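To start, the structure under review is shown below, and the notes come after it.
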Amino acid sequence: MTGRQQVNDALFIDCGDGYEIKHGDNAGEIKYRRPPRARFECVRCGYASPIVTGPTAVKNFVAAARPEHRSICPATHAQGVRAA
């Protein structure tokens, strides 16, 4: 690795705390004591997303948060778009 590296943004993910139901009609379902949650922060422009909770919401958020923010980040557009 050459050159200087810099942190531009951060994605925080808490996978939660739960257990899988092993028997019965709900076998394979996960019961959460603390549901998964995630948030995104941009160091360049200071943006901080709201906290997203729930397994499906976190999965969708993690897949989309960084590219969606980079497309509208005022700091990225002010400095010119760089390949990620």
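The values are calculated or read from the model by the stated rules, or taken from the named source; none is laboratory data. Note that this is a predicted model, so its numbers are computed, not measured. Cβ sites come from the backbone with ideal geometry, for glycine too, and all protein chains shown count toward neighbours.
Among the candidates Phe40, Phe61, Phe12, the residue that is surrounded by fewer than 16 Cβ atoms within 10 Å (Cβ to Cβ), modelled with pLDDT of 95 or more and outside any loop (DSSP other than H, G, I, E, B) is uniquely Phe12.
Do you know which of the residues in segment 15-37 that are farther than 23 Å from Phe61 by Cβ and in contact with a strand residue (DSSP E or B) (Cβ under 9 Å, 6 or more places away or on another chain) is surrounded by the most Cβ atoms within 10 Å (Cβ to Cβ)? Steps first, please.
Step one: of segment 15-37, the residues farther than 23 Å from Phe61 by Cβ are 19, 21-28.
This time we only want the ones that are in contact with a strand residue (DSSP E or B) (Cβ under 9 Å, 6 or more places away or on another chain), so: 19, 21, 27-28.
Numbers: Tyr19: 10, Ile21: 13, Ala27: 9, Gly28: 7.
Looking at the filtered set, the residue picked out is Ile21.
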